[in-house]
Amino acid sequence: MGRNPKQKTGANGVPKGAFWADKVVDPERVLAAVEPGMSVFVSTGASEPQLLIKSLMASDSRNLQDLELIHIASFGRAISLDGLMSAKYRLKTFFSGWMASEPIAGGMVDLIPARFSRIPRLIQSGAVAVDAAFVQITPPDEDGYASLGISIDAARAAIERARLVVGEINPNIPRTLGDTFVHVGQFDYLVESHEDPIPFPRWPVDDTMRQLARNAASVIDDGACINWSIGAFFEALVPHLAEKKDLGVHASIITDALMDLLKTGAVTNRYKGVFRGKTLVSYALGTDELLRWLNENPLVEFQPTDIVSSPENIAKNDRYIAFQPARKVDLTGRIALHFGKGIVNTGPAETYDPHTGAALSKGGRTIIAVPSRNRDGEPNVVFSVEGYPNKVPNREIFDLVATEYGVAYLAGRTVRERALAIIEIAHPDDRAELFEMAKRHKLLFADQVFPAGDGHYPHEMSSTFQAKDTPLMHVRPIKPSDEDEMRRLFYRFSDQAVYYRYFSPIQVMPHNKMQTYVNIDYRRTVSLVVTVDVEGKERIVAEARYAYADSLPYPDLAFVVEEAYQGKGIATHLYETLVRIARERGIVGFTADVVATNKAMMGVFEKSRYPVKARLEQGIYHLTISFQDTGEGPGIRYLRD
């Protein structure tokens, strides 16, 4: 894959006449140059130089004692846990995930806590000693340049620092583009290998993860820049992000799933602030299909971790979205990360860079993604994450939490508001207990009312639309956690707007009144709010609802739109949406009361496709709207007593 097809090779695979042919030796010759006590840097992940490491593991040479093997992360093929039981070497890693987490906890592996963006600098400065570097490379071209392939991380820093540099030439890895090229003159020895790169099969995705990914993707706007990692969540994201336009990618890892997303055309990278037009990564983890696709692919730029993970570089991308899969989330927004073999991006230090970059990015966000329950049926939304390993204590860095039951906005919210919002997206069978615990510990008001109805939140009613001269509008059913935002909306109304909506000069909207208003039973009432994103926070600018009243034949309809957003078609859109929902539920009409001077609201009904009968009483029009064919045609028919 990485070999130049124009080069003719000899029996040993070395191009005939190559000026560097005398550097190609057997692994035994390399190991003879290793001295006791050396610190040996090893390429990371799928780029582990397997022939060299296997030879090291199998050798009984007396000089191969008390070695330190240093890598960013091991994925468990060449560097084995069995070897850790011997006195031959000790493993140092910057990454607590995958195969290393349990040995670290057991004292078998040394963890070097560090932000990924600082690892190359630690090696360059000598703070982390590197005496030898074993790296995997592609076959050199005619000019002697090889590519570092699918693992760039800190390999260049290690090559420049080490006094013994060995390249394992492997034609089975792709020749990637970016800051990947090294000249054979930088190597003391070269060995030839034909080991298959370590494969990473695709992750299975279930219905829960599909819905979780759908909810997380719903808050991503066109033109946003995203991070990426491995796991079922990222596999499930692809079909939902494929519907977006002009996405950018600035991430540590490219996988088969990200390859699929790039193929859809949803990613153009045209609005990125750094490496515009390129998908920026440091690693590739995936199948043979991914590796073949990456070979000399100009769309993908490989760079070291000090470039890719730099918060300053990340922040140059506006609207940067850092997805953070989590094991547990509590009611204040703290999380516990996954722990154990098979996990990537699992330590708090490893999440620092993308979270900081998202916080510094204009319009950036960090989104926690967690299923409401684990595979054993245990709650993942808990009262507190105290007692769980791998906690990320700084809850202030997270902006949203997504489960398969919805999205909770955290930015700018009080602890009480956060708790109520997170309870709403917990598993329905866990909400009552969480609610009572939150009240008992005074996270919620003592008189807080438990959400009405059967616990089903009608996600299917959520949508987006573009109103005139506005940012993208999001429409969704109202939630109990909207209480404070609805109160703020009320206090932004003029006296006239309050009168149009409530038919009386109401001056205040206290907690006890508003919590009843937002706490509805979706089986009898439908309330839709329109939200816009303001500085990363969800702001409600309109609400429309229908509700049954005992004395009326049809549900009663009411609207309210913030003055700054009136005249832009929002009320018309809400009306048409509520009509569609009502008809799907078998409802055949609405009633509504409109103040006679509210010409804008009457105009909404005038333009409707359904006939409206209007009767004026004491300055208020009482409207009856029929969805059935009455033969009267659309428009308003004014009746007289």
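Brief remarks on what is shown
- Taking 0.36 nm per residue of separation and subtracting the current Cα-Cα distance, fully stretching the chain between Ala452 and Glu312 would add 45.8 nm.
- In range of the label at Ala33: residues from region 186-203 whose backbone nitrogen is under 16 Å from the point 7 Å along Cα→Cβ: 186-193
- In region 207-440, Cα pairs under 8 Å separated by at least six residues give a relative contact order of 19 percent.
- Only helices enter the 222 nm calculation for the chain: every DSSP H run of n ≥ 4 contributes -39,500 (n - 2.57), and dividing by all residues gives -7000 deg cm²/dmol, rounded to 500.
- Each Cα pair of region 207-440 feeds into the Kirkwood radius, which the Stokes-Einstein equation turns, at 25 °C and 0.890 mPa s, into a diffusion coefficient of 137 µm²/s.
- Nearest-ten-degree value, helix 428-440 long axis tilted from longest Cα axis of the chain: 80 degrees
- Relative contact order for the chain, counting Cα pairs under 8 Å that sit 6 or more residues apart, in percent: 9 percent
- Approximating the spin labels as points 7 Å out from Cα along Cα→Cβ, the Glu142-to-Arg637 distance works out to 8.7 nm.
- Rg(Cα)/(2.2 N^0.38 Å) for region 517-567, N = residue count: 1.37
- Projected label distance in nm at Ser463 and Arg524, using a 7 Å step from Cα toward the beta-carbon: 2.7 nm
- Local charge for Ser55 was computed over the other residues whose Cβ lies under 9 Å away, with Lys and Arg +1 and Asp and Glu -1, and equals -1.
- Convex hull of region 545-622 built on C-alpha atoms - directionally averaged projected area, nm²: 5.4 nm²
- Over region 460-639, relative contact order from alpha-carbon pairs under 8 Å, at least 6 apart, %: 16 percent
- Model label sites at Arg440 and Thr516, defined 7 Å from Cα along the beta-carbon direction, differ in position by 2.9 nm.
- Computed from Cα atoms, the angle from the helix 415-424 axis to the main principal axis of the chain rounds to 90 degrees.
- Helix 570-584 and the long axis of the chain differ in direction by around 90°, with both axes built from C-alpha atoms.
Any read-out appearing in this document is the output of simple, stated calculations on the displayed coordinates, not a laboratory observation. Just so you know, these numbers come straight off a predicted model, no measurement behind them. Here the Cβ is made from the backbone with ideal geometry for all residues, glycine too, and neighbour counts use every protein chain on show.
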